[in-house]
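Here is the structure we will look at, set down as structure tokens.
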Amino acid sequence: MASNQESIHGTKFPFQVQEMERQMNLEPQKKEFDYSKRSQWLRAAVLGANDGLVSTASLMMGVGAVKEDIKAMIITGFAGLVAGACSMAIGEFVSVYSQLDIEVAQMKREKRREDAFEAPKVEVQEEENDESLPSPVQAAAASALAFSLGAMVPLLAASFIKAYRVRIGVVVAAVTLALMVFGWLGAVLGRAPVVRTAARVLIGGWLAMAITFGLTKLIGIKGL
């Protein structure tokens, strides 16, 4: 009787503790989210949006160099948006599909090298590898969407301003702000120096618009 009371008041329950530990070990452990995959997708989206922003704004600036009509600038920007989004989607689809073929072929070669005794392990690895395989359709859709979002910035900036000089200034200002934001996001996701990266993106965008504007203006003056 005393021994039973001592075991109760002494709070020593070896069997209960072992049972709890066994149940905890049997419970399936949740997989931790791989944040590196998220950063890669976000960085690709930022680069795609930056591409749409710079290319569409440069096209609009080029047309604006020879035509002051707002309709011509908007139509050019919209055509650039559609053409660029389609080009990005097709290019990304082909590129990711090629990567998918390479990874699938590599998985098949590794599977043939496995022994028959490790069949259960191979099945588990195949399920994990199937989940990690890239999706060409998702990559194409993400690229087209990111490009379109970036291209919408100069289009929206120029849509409601009829005055030519004001319209050009507003487009440059809107693109400058967007370039700074995209440069900052790219630096944060890539863990690069923020000021240097943002400045590089900003200067690159300015150069693209300036070169397109200048060369188109030159062609327009020469009447070629």
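Each value in this text was obtained by applying a stated rule to the coordinates, not by laboratory testing. On a predicted model such as this, the values are computed, not experimentally measured, just so you know. Cβ coordinates were reconstructed from backbone atoms using ideal geometry, including for glycine residues, and neighbour counts include every protein chain displayed.
Quick one: would you say Leu207 is among the aliphatic types (A, V, I, L, M), part of a helix (DSSP H, G or I), without any contact (Cβ under 8 Å) to a residue 24 or more places away in the chain and within 17 Å of Met60 (Cβ to Cβ)? Against the criterion (among the aliphatic types (A, V, I, L, M), part of a helix (DSSP H, G or I), without any contact (Cβ under 8 Å) to a residue 24 or more places away in the chain and within 17 Å of Met60 (Cβ to Cβ)), Leu207 qualifies. Residues in the stretch 131-155 that are assigned to a helix (DSSP H, G or I), hydroxyl-bearing (Ser, Thr, Tyr) and more than 14 Å from Val82 (Cα to Cα): Ser132 alone.
Filtering the stretch 156-204 to residues that are in a helix (DSSP H, G or I), more than 17 Å from Asn50 (Cβ to Cβ) and among the basic types (Lys, Arg) leaves Arg165, Arg167.
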